[in-house]
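Structure first, commentary second.
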Amino acid sequence: MSDQNIPSDNDNEREMTFWDHLDELRKVLVRIVAAALLFGCVALLLKDQIFKAILAPTEGDFITYRLINRLLEYLGMTSMLIPSNNITLINTELAAQFMTHISVSFIIGLLATAPYIIYQQFLFIKPALYDNERRNSGRILTAVVLLFYLGVVVDYFVIFPISVRFLGTYQVDPSVANTITLSSYISTLTTLSLMMGVVFEVPVLVYFLTRMGIISSALLKKYRRHSFIVILIISAIITPPDVFTLILMCLPLYGLYEVGIVIARRVERRKAALQKEE
């Protein structure tokens, strides 16, 4: 049997009992909670800086709007320029702003500690991994973290601001004013950011499914047209109920599907090369 197919015992680790594993899991959870609370407390103290960034898409000079307007001016489509007026948010409950501050700080704490949380989980399962799995796990964990953050960044700079600007300024009649609550704004931002972060893990999922032989690049190509329908359904579930945001969500999802095809092809080539060596 190959050395790659047996768990490593380089560290002469003793056989752990069920209670040993439970105690180790408790320690991991304590470290994760402590780190999340620490970063959450830091976020509480940085209220002005954090909420300035969170509320930036409501301002007319947000970087996304400026870039879009420059592109529209270059294309001569000046009639479609994004207005420079700010979107005003309102608060309708007595304790809503305080609770929003607490909840947002907690979410920021979790986002900031995401790499540490994943690393702690890896350390917990590391003794049960094979040598080859340990060698590949570093790159996989890095890809998971980076793709999640990339999804959040795409939402913050593309999906969310364009959605806010379109829905926040759209009127069926000038006599009907838009009043957007702070809670609605924050809820939409956090939901879309989380969903985009999860959805951007599709390449990692394709990698594992291809390695297990469940899917292939040929299969993904064959059902490329069908996948677009699935993407539309997923986008409709995770986005606000409007066609404009749905279309914006479909574009990166379809791009990820194409990236998945490339990844599946590379995994297949690597598997074929290893089989030839054997």
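Residues considered: 175, 187, 183, 163. Of these, the only one that is outside any helix (DSSP H, G or I) and of a type outside the set (Asp, Glu) is 175.
Scanning segment 159-177 for residues that are in contact (Cβ under 8 Å) with a residue 60 or more places away in the chain and of a type in the set (S, T, N, Q), which turns out surrounded by the fewest Cβ atoms within 10 Å (Cβ to Cβ)?
Taking segment 159-177 and keeping what is in contact (Cβ under 8 Å) with a residue 60 or more places away in the chain, we get 159-169.
Keeping just the survivors that are of a type in the set (S, T, N, Q) gives 163, 169.
Working: 163: 23, 169: 12.
Taking the candidates together, the pick is 169.
Here residue 28 fits the description: in contact with a helix residue (DSSP H, G or I) (Cβ under 9 Å, 6 or more places away or on another chain), modelled with pLDDT under 85, surrounded by 11 or more Cβ atoms within 10 Å (Cβ to Cβ) and among the β-branched types (Val, Ile, Thr). In this structure, is residue 187 outside the structural domain of residue 235 (by TED's automatic domain parsing), free of Cβ contacts under 8 Å to residues at least 24 places away in the same chain and more than 22 Å from residue 82 (Cβ to Cβ)? Answer is yes for this residue.
Per-residue answers, yes or no, for (1) more than 24 Å from residue 146 (Cα to Cα); (2) in the same structural domain as residue 153 (by TED's automatic domain parsing); (3) over 22 Å from the mean Cα position of the chain (by Cα):
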position: 51; (1), (2), (3): no, yes, no
position: 56; (1), (2), (3): no, yes, no
position: 102; (1), (2), (3): yes, yes, no
position: 126; (1), (2), (3): no, yes, yes
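Residue pairs whose Cβ atoms lie under 6 Å apart, sitting 6 or more positions apart in sequence or on different chains, and linking a residue in segment 31-49 that is assigned by TED's automatic domain parsing to the domain that holds residue 115 to a partner that is of a type in the set (Ser, Thr, Tyr), are 35/113; 35/116; 36/113; 39/113; 40/105; 43/105; 44/105.
What do you reckon, is residue 84 out of contact with any helix residue (DSSP H, G or I) (no Cβ under 6 Å at 6 or more places or on another chain), over 30 Å from residue 24 (Cα atoms), free of Cβ contacts under 8 Å to residues at least 60 places away in the same chain and part of a loop (DSSP other than H, G, I, E, B)? Taking the combined requirement at face value, the residue satisfies it. The number of residues in segment 223-239 that are surrounded by 14 or more Cβ atoms within 10 Å (Cβ to Cβ), β-branched (Val, Ile, Thr) and modelled with pLDDT of 85 or more comes to 1.
Residues that are at pLDDT 85 or above and of a type in the set (Phe, Trp, Tyr) within segment 156-184 comprise 156, 157, 160, listed in sequence order.
Give segment 48-95 a look and list any residue that's surrounded by 15 or more Cβ atoms within 10 Å (Cβ to Cβ), touching a strand residue (DSSP E or B) at 6+ places or on another chain (Cβ under 8 Å) and hydrophobic (A, V, I, L, M, F, W, C), or say none. Matches in segment 48-95: 55, 87, 89.
Of all the listed residues (154, 199), the sole one being touching a Phe, Trp or Tyr at 6+ places or on another chain (Cβ under 9 Å) and either over 24 Å from residue 256 (Cβ atoms) or hydrophobic (A, V, I, L, M, F, W, C) (or both) is 154. With the requirement that a residue be under 25 Å from residue 65 (Cα atoms) and assigned to a loop (DSSP other than H, G, I, E, B), what does segment 92-104 give you? Across segment 92-104, there are no qualifying residues.
The values are calculated or read from the model by the stated rules, or taken from the named source; none is laboratory data. Computed from a predicted structure; not experimentally measured. No Cβ is skipped: glycine too gets one built from the backbone with ideal geometry, and neighbour counts run over all protein chains shown.
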